[in-house]
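Engineer: One structure, pasted below without further comment.
The values are calculated or read from the model by the stated rules, or taken from the named source; none is laboratory data. Since this is a predicted model, take the numbers as computed values, not measurements. Counting neighbours? That spans all protein chains shown, and the Cβs are built from the backbone with ideal geometry, glycine included.
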Amino acid sequence: MANNARLIQEITTFLATKSLTPNTTWLTTNLATLKPDIHLQGAKQLIYIRLLNTSLQSTIQITPSSIFPQDILNGNITSRLLKGPIPVQVMDIEDIGKSRWSQLEAIEADERGETTRGQEIVRVVRDEEDAERDQSATQTSSPSSGPHKLLLQDAKGLRVYGFELSTVTGINMNIHIGCKLVLRDVSVARGVILLEPKSVTVAGGKIEELHQTWKAGRKENLKRMANAGSSTQGG
């Protein structure tokens with residue numbers, strides 16, 4: 001038990017350096033599944049990866065400074081600074097630097113196995129083994145320049161939109177739903193978080209089920225929003 005207590009303390013301290021302090025229940029449960037002979041560094045990395053790939057609502061120790069204030073969505077508050085660090089996870093992302101129609105066309109081109117090289121449309125022939133790699137190549141061939149709008153969720157489940165004021169390394173349309181970010185000294189203006197490199201650290205991770213659901217519904221969501229925008233302009 002003493003060894004287990006020391007292990008809990010070691011890993012808690014390690015994760016705290018990444019501003020991802022775990023709650024004891026989650027950590028204890030996960031430590032019980034590790035091999036008895038695993039070395040300390042291996043245990044630290046494995047628990048860290050598991051935390052990144054699990055919902056914050058299950059993993060993070062909640063303190064007043066590690067979650068959004070309850071009134072963060074109050075649009076009457078023109079500006080405030082959140083000290084943090086506040087771990088959050090990405091629940092949605094949109095490239096508002098590109099029209100929704102152009103994003104929709106890119107998805108449909110990818111479904112047809114096409115990608116763009118300069119002004120030329122190239123058909124990509126895929127087999128099962130290369131499909132995932134080709135999709136990644138297609139995405140990176142047309143990089144997302146942003147800015148991006150993200151829906152961020154804290155450890156209590158409160159969701160707030162964040163807007164990328166300037167390019168943040170790691171934030172792009174290849175990011176996974178469930179990816180963990182850490183916010184420090186971040187500004188909030190009328191209920192919107194203002195994302196800048198100095199205030200955002202992208203830790204990584206992915207919640208597989210949420211990501212697949214988001215990915216499956218993204219095309220229809222873009223189509224719906226694009227049509228709604230066209231109707232508004234037409235009206």
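Engineer: Name the residues in region 36-58 that are within 20 Å of ARG184 (Cβ to Cβ) and without any contact (Cβ under 8 Å) to a residue 60 or more places away in the chain, would you?
Structural biologist: The answer is TYR48, and nothing else.
Engineer: Report whether or not PRO85 is surrounded by 14 or more Cβ atoms within 10 Å (Cβ to Cβ), without any contact (Cβ under 8 Å) to a residue 24 or more places away in the chain and assigned by TED's automatic domain parsing to the domain that holds CYS179.
Structural biologist: For PRO85, the condition - surrounded by 14 or more Cβ atoms within 10 Å (Cβ to Cβ), without any contact (Cβ under 8 Å) to a residue 24 or more places away in the chain and assigned by TED's automatic domain parsing to the domain that holds CYS179 - is not met.
Engineer: Residues in region 55-85 that are under 23 Å from GLN9 (Cα atoms) and out of contact with any Asp or Glu (no Cβ under 6 Å at 6 or more places or on another chain): how many?
Structural biologist: Total meeting the criteria: 14.
Engineer: Is one or more of the residues making up region 135-143 modelled with pLDDT under 50, within 29 Å of GLY113 (Cβ to Cβ), more than 21 Å from the chain's Cα centre (by Cα) and hydrophobic (A, V, I, L, M, F, W, C)?
Structural biologist: Checking region 135-143: not a single residue is modelled with pLDDT under 50, within 29 Å of GLY113 (Cβ to Cβ), more than 21 Å from the chain's Cα centre (by Cα) and hydrophobic (A, V, I, L, M, F, W, C).
Engineer: I'd like the residue in region 181-216 that is assigned to a loop (DSSP other than H, G, I, E, B) and of a type in the set (Asp, Glu) and, out of all such residues, is farthest from PRO147 (Cα to Cα).
Structural biologist: Checked region 181-216; the qualifying residue farthest from PRO147 (Cα to Cα) is ASP185.
Engineer: What are the pairs, 6+ residues apart or on separate chains, where a residue within region 157-172 that is aliphatic (A, V, I, L, M) has its Cβ under 8 Å from a residue that is in a loop (DSSP other than H, G, I, E, B) and surrounded by fewer than 19 Cβ atoms within 10 Å (Cβ to Cβ)?
Structural biologist: Final answer for the pair search is LEU158/GLN70; LEU158/ILE72; VAL160/ILE72; VAL160/LEU73; VAL160/GLY191; LEU165/PRO147; LEU165/GLU196; VAL168/GLU196.
Engineer: Would a scan of region 29-43 turn up a residue that is surrounded by 16 or more Cβ atoms within 10 Å (Cβ to Cβ), more than 21 Å from the chain's Cα centre (by Cα), under 19 Å from ILE207 (Cα atoms) and not acidic (Asp, Glu)?
Structural biologist: yes
Engineer: Can we say VAL182 is touching a Lys or Arg at 6+ places or on another chain (Cβ under 6 Å) and of a type outside the set (D, E, K, R)? Reasoning before the result, please.
Structural biologist: Details: touching a Lys or Arg at 6+ places or on another chain (Cβ under 6 Å): no; of a type outside the set (D, E, K, R): yes.
It is false that VAL182 is touching a Lys or Arg at 6+ places or on another chain (Cβ under 6 Å) and of a type outside the set (D, E, K, R).
Engineer: Further question: If you go through region 204-233 one residue at a time, how many are modelled with pLDDT of 85 or more and in contact with a helix residue (DSSP H, G or I) (Cβ under 6 Å, 6 or more places away or on another chain)?
Structural biologist: So the answer is 2.
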